[in-house]
Structure formats: C-alpha cells, structure tokens
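Trainee: Sharing a structure here in structure tokens format.
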Amino acid sequence: MQALYDTSAALEQKPAEQIELKQVANWLADNQAAIANYNRHVDEHGVFSDDIRRF
C-alpha cells in the first residue's frame, strides 16, 4: 500500500527551504550596497534600453 503523505520527504523539505531562505537573506545583505548604487544609477540615468524601446 502506498502512503498518501511522505513524511520523510516533508521533514527534509522544510530544512532545505529554511537554508535557501537564509542564503537569499545573506545574498541580499552582502549585496545591499551594490543594489542601492545600481538603483540610484538607474534613477539618475535610466536603463541602457530607454532610447531603444518603443513602449
């Protein structure tokens, strides 16, 4: 008989999700200054395709 719910997989998935969320948070923290600089540059100068796109 096949189980309707794989508790082993469920228990393994949660820690993996937590690790991924922590990695994302670390990446954002490590790159916060670069992201802010890029956003400031775009605010001041626009993006490279502003004069090309038609929308």
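Trainee: Rounded to the nearest 500, what is the 222 nm mean residue ellipticity of the chain from helices alone, with -39500 (n - 2.57) per DSSP H run of 4+ residues and division by all residues?
Mentor: Details: 2 runs with 38 residues, N = 55.
Value at 222 nm, helices only, nearest 500: -23500 deg cm²/dmol.
Trainee: To the nearest 20 Debye, how big is the dipole of the chain about its Cα centre, given +1 on the beta carbon of each Lys and Arg and -1 on that of each Asp and Glu? Could the numbers behind the result be given before it?
Mentor: Numbers: 5 positive and 9 negative charges, 14 e Å.
For the chain, the charge dipole is close to 60 debye.
Trainee: By how many degrees, 0 to 90 and rounded to 10, does the Cα axis of helix 7-30 deviate from the longest principal axis of the chain?
Mentor: 20
Trainee: With every protein chain left in place and a probe of 1.4 Å, what is the accessible surface of Tyr38, to the nearest 10 Å²?
Mentor: In the full protein context, Tyr38 sits at about 130 Å².
Trainee: Quick one: helix 32-45 against the long Cα principal axis of the chain, what's the angle to the nearest 10°, folded into 0 to 90?
Mentor: Between helix and principal axis, roughly 40 degrees.
Trainee: Right, something else. Of all the accessible heavy-atom surface of the chain, with the other protein chains kept in place and a 1.4 Å probe, what percent is carbon and sulfur?
Mentor: On the way: 3150 of 5500 Å².
Carbon and sulfur together cover 57 percent of it.
The values are calculated or read from the model by the stated rules, or taken from the named source; none is laboratory data. The shown structure was predicted, so the numbers you read here are calculated from the model rather than taken from an experiment. Cβ: placed from backbone, ideal geometry, glycine included. Neighbour counts: every protein chain shown. Heavy atoms of the whole protein, side chains included, go into the accessibility calculation; ligands, DNA and RNA do not. Shrake-Rupley method; radii C 1.70, N 1.55, O 1.52, S 1.80 Å.
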